[in-house]
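**Q** I have a structure here, written as structure tokens, and I will follow up with some questions on it.
What follows is calculated from the coordinates using simple rules that are stated; it is not laboratory data. This is a predicted model, so every value here is computed, not measured. Because the Cβ atoms are built from the backbone with ideal geometry, glycine has one as well, and the counts that use them run over all protein chains shown.
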Amino acid sequence: MFKNRNTVLAVGILAIFILIISQVIIIKGVWVQKDEMLLLRYRSLSQEAASSVWFQRSFDPYDTVRLMLNSYSDMIVPEVFNTTDTAKRALMLRDLNDYFLAVLNQEQDFSEYLSAYFERMGFEKNFKHRIIIKNLEIIDNYDTISIVRDDSFFRGRGGQNPPPNINKSSILVSRPWLSDNYYNMNFEYFIDFSDKKKMILGEISASITLSLLSVVIVMIMFIITYKNLMKEKKLSDLKTDFINNMTHELKTPLATITVAGKTLELEKVRKNDEMLLNTAQLIGKQSVHLNQLINMILEISMWERTQFEINMKETDVFGLVDDIINGFKNGAGKNATINTNLNFDSAKAQLDNVYFTTLINNLLSNAVKYCDQEPVIDIEGKIDAEQFIVSISDNGIGINKNDLKHVFDKFYRVSGGNIHKYKGLGLGLYYVKKIAEAHGGDVTVSSKIGKGSTFTITIPLIKS
Ligand code: ADP
């Protein structure tokens with residue numbers, strides 16, 4: 001069974017693990033697909049936008065750029081050609097390149113146009129742009145100096161793939177050519193959606209939620225099923241313990257009766273009146289005990305099938321509780337010190353006298369049974385609002401916190417299993433709880449290991 005339980009746990013966890021992995025794979029697939037679709041959509045959209053620019057003759061997205069570059073080159077380029085110092089010239093060329101790049105990056109009429117176009121079409125309008133100069137040369141009277149020259153640009157015109165140093169989800173939108181008297185330039189204009197992740201997430205949030213939900217539901221179902229399995233296993237263990245204990249409990253009086261029977265066969269015993277009487281009394285006592293055990297088991301199994309039926313009648317609380325305690329003092333509690341403090345006045349309650357007696361007796365005999373020293377039992381009785389309370393405290397072995405939760409469970413015994421130091425069936429407190437509840441009341445327990453326990457019964461009073 002134990003092995004079985006671990007297998008169930010392992011298989012369950014493995015199944016959940018596989019489910020999670022498969023969900024992650026599916027979501028990843030959807031993500032990639034969405035990502036590609038998004039790229040495709042913006043690629044065609046931006047190209048649409050770019051080409052629409054050329055149809056609008058009145059709008060030139062690079063007119064500011066042109067103006068700035070033209071005047072700058074008019075001023076600088078002749079000077080470059082006049083410089084003979086190569087180091088100085090190289091420096092000037094670098095400055096020129098930087099200036100061109102800066103102007104292209106700052107004057108963003110085209111980006112604004114694109115953004116407005118996306119918004120008009122109902123798409124995300126925020127993106128980053130990137131400009132790469134592919135060819136830049138300066139010209140002076142047929143003399144040319146090349147500052148940037150990317151041969152692949154001229155070879156592979158029309159290619160859509162962004163160069164390796166650019167994010168692969170960047171979109172190449174246009175490849176403008178600008179030129180004037182002193183320069184000639186080609187560049188590429190890319191856009192890149194920084195909010196792309198958020199956009200995709202928005203689009204597939206439903207699938208992610210459903211996946212998460214399915215995983216959570218499966219996990220919850222698994223936990224519930226596993227817990228139920230554990231509960232059943234525990235109950236079956238308790239039942240096994242119970243059968244072992246019951247066998248032991250029933251065997252003891254039976255063995256005594258058998259021995260007594262054999263004793264009676266002896267002529268010596270039969271002829272001795274006193275011995276005969278003692279043996280007969282022993283048989284009688286053990287039969288009563290046996291009968292009590294069997295009745296208890298029968299009753300409990302009967303309660304399981306039908307609603308617990310008790311026969312309650314109006315009873316003077318003090319009278320009954322006092323009788324029970326006195327009866328106990330003269331019987332099983334002979335060796336215990338019993339202190340009582342009962343303040344019930346003339347309170348009356350609906351009680352089944354037989355069951356209520358059993359309830360108190362069970363608690364009192366446990367107080368004696370689960371005690372490793374001279375038992376001292378304090379019984380306190382009082383009235384609180386519309387109920388009466390009896391608390392029974394002992395100086396016994398106590399019950400630890402974990403067991404305390406279960407002592408009222410059917411068949412539950414502390415110290416588990418078949419340890420017979422303290423005899424019992426694990427039914428006494430179950431019975432106590434059932435009786436208290438049948439009276440509309442309850443029973444609770446508090447305990448400290450090694451110090452003792454206190455059981456408190458509350459039962460409603462008859463309203464006067
Ligand atoms: P049983 O006495 O037949 O084992 P009970 O239902 O009466 O069954 O008690 C359940 C368990 O609670 C006992 O096995 C015992 O360990 C613990 N218990 C009950 N009463 C006391 C007590 N007064 N002090 C310490 N332990 C107790």
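**Q** Let me make sure I get this right: for the stretch 1-130, a, b and c are the square roots of the gyration tensor eigenvalues over alpha carbons, sorted descending. Under 1.5 in a/c it's rounded, otherwise prolate if a/b > b/c, else oblate. Which is it? If you can, show how the numbers build up before the last one.
**A** On the way: a/c = 6.43, a/b = 2.33, b/c = 2.75.
Judged from the Cα gyration tensor, the stretch 1-130 comes out oblate (a/c at least 1.5, b/c at or above a/b).
**Q** Now, a different point. Compute the normalised compactness of the stretch 1-47: alpha-carbon radius of gyration over 2.2 N^0.38 Å, N being the residue count.
**A** Working it through for the stretch 1-47, the quotient is 2.13.
**Q** A follow-up question, please. Helix 273-305 versus the longest principal axis of the chain: what angle, 0 to 90°, nearest 10, using Cα atoms?
**A** Compared with the principal axis, the helix lies near 30 degrees.
**Q** Right, something else. When the gyration tensor of the stretch 360-464 is built from Cα positions, what are the square roots of 5 times its three eigenvalues, in whole Å, from largest to smallest? Intermediate results must be reported in sequence, preceding the final value.
**A** On the way: eigenvalues 122, 50, 24 Å².
Output for the stretch 360-464: semi-axes of 25, 16, 11 Å.
**Q** Report, in debye and to the nearest 20, how large the dipole of the stretch 307-422 comes out about its Cα centre when Lys and Arg carry +1 and Asp and Glu carry -1 on their Cβ.
**A** Rounded to the nearest 20 debye, it is 540 debye.
**Q** Can you check what the Kirkwood hydrodynamic radius comes to for the stretch 283-423, Cα pairs only, in Å to one decimal?
**A** Its Kirkwood hydrodynamic radius stands at 17.1 Å.
**Q** So between D322 and L266, what do we pick up on full extension, going 0.36 nm a residue minus the alpha carbon distance?
**A** 15.7 nm
**Q** Could you tell me whether the stretch 305-385 comes out rounded, prolate or oblate from its Cα gyration tensor? Rule is a ≥ b ≥ c as square roots of the eigenvalues, rounded for a/c under 1.5, then prolate if a/b exceeds b/c, otherwise oblate.
**A** Numbers: a/c = 2.27, a/b = 1.38, b/c = 1.65.
It is oblate, given that a/c is not under 1.5 and a/b is not larger than b/c.
**Q** Can you tell me, using C-alpha contacts under 8 Å and at least 6 residues apart, the relative contact order of the chain as a whole percent?
**A** RCO, the chain: 11 percent.
**Q** Continuing with the same structure: So what's the gap between the Cα centers of the stretch 50-84 and the stretch 236-268, to the nearest angstrom?
**A** Each part's Cα centre sits 113 Å from the other's.
**Q** Let me ask another. In nm, what is the difference between 0.36 nm times the number of residues separating T444 and K125 and their Cα-Cα distance?
**A** 108.0 nm
**Q** Another question, then. If one computes the Cα centroid of the stretch 27-42 and of the stretch 329-346, what distance in Å separates the two points?
**A** Answer, in whole Å: 82.
**Q** Moving on. Within the stretch 169-255, which GluC sites (Glu not before Pro) sit in a loop by DSSP and count at most 15 neighbouring Cβ atoms inside 10 Å? Let's see the in-between values first.
**A** Details: sites: E188, E203, E232, E249; in loops: none.
Passing sites in the stretch 169-255 do not exist.
**Q** At a Förster radius of 22 Å, what calculated FRET efficiency corresponds to the Cβ-Cβ distance of F222 and I25, to the nearest 0.05?
**A** Given R0 = 22 Å and the Cβ-Cβ separation, E is 0.60.
**Q** Per 0.36 nm of contour for each residue apart, how much would the distance between N278 and A90 grow if the chain were fully extended, relative to their Cα-Cα spacing?
**A** Contour length minus Cα-Cα distance gives 54.8 nm.
**Q** Something else about it: Quick one: dipole size for the chain, taken about the Cα centre, charges +1 on Lys/Arg Cβ and -1 on Asp/Glu Cβ, in debye to the nearest 20.
**A** The calculation lands at about 2000 debye.
**Q** What whole-number distance in Å separates the alpha-carbon centres of the stretch 97-135 and the stretch 169-219?
**A** Between the Cα centres of the stretch 97-135 and the stretch 169-219 lies a distance of 15 Å.
**Q** If you don't mind, there's one more thing I want to ask. Given the peptides 256-265, 438-447, arrange them by the average over their residues of other C-beta atoms within 10 Å, most packed first.
**A** Output ranking for 256-265, 438-447: 438-447, 256-265.
**Q** With θ set to phi - 60° and the Karplus curve 6.51 cos²θ - 1.76 cosθ + 1.60, what are the ³J(HN,Hα) couplings of the stretch 239-251 in order, to the nearest whole Hz, using x for Gly and Pro?
**A** 5, 4, 4, 4, 4, 4, 5, 5, 4, 4, 4, 6, 5
**Q** Still on this structure, I have one more. Quote the FRET efficiency, to the nearest 0.05, computed for K251 versus D35 with a Förster distance R0 of 56 Å and r equal to the Cβ-Cβ distance.
**A** 0.15
**Q** Mind pulling the angle between the C-alpha long axis of helix 63-82 and the longest principal axis of the chain? Nearest 10 degrees, somewhere in 0 to 90.
**A** The helix 63-82 is inclined about 60 degrees to the chain.
**Q** Now for a different question. Out of every Cα pair in the stretch 46-121, what percent are spaced more than 20 Å from each other?
**A** The proportion of pairs with Cα distances above 20 Å equals 47 percent.
**Q** In whole Hz, what ³J(HN,Hα) sequence does the stretch 203-219 give by Karplus (6.51, -1.76, 1.60; θ = phi - 60°), x for Gly and Pro?
**A** 6, 9, 4, 4, 5, 4, 4, 4, 4, 4, 4, 5, 5, 4, 4, 4, 5
**Q** Right, next: Considering the options M275, T225, T83, tell which one lies farthest towards the positive end of the dipole of the chain, charges being +1 on Lys and Arg and -1 on Asp and Glu at the Cβ, about the Cα centre.
**A** M275
**Q** Can you find, among L14, F55, N105, the residue sitting farthest towards the positive end of the charge dipole of the chain, where Lys and Arg contribute +1 and Asp and Glu -1 at Cβ?
**A** The listed residue farthest towards the positive side: L14.
**Q** Can you pull the Kirkwood radius for the stretch 21-84, inverse mean 1/r over Cα pairs, to one decimal in Å? Mind dumping the intermediate values first?
**A** On the way: mean 1/r = 0.0612 Å⁻¹.
Evaluated over the stretch 21-84, this radius sits at 16.4 Å.
**Q** Can I ask one more? How big is the equivalent ellipsoid of the chain along its three axes, where each semi-axis is √(5λ) from the Cα gyration tensor, reported in whole Å from largest to smallest?
**A** One finds semi-axes of 101, 25, 21 Å for the chain.
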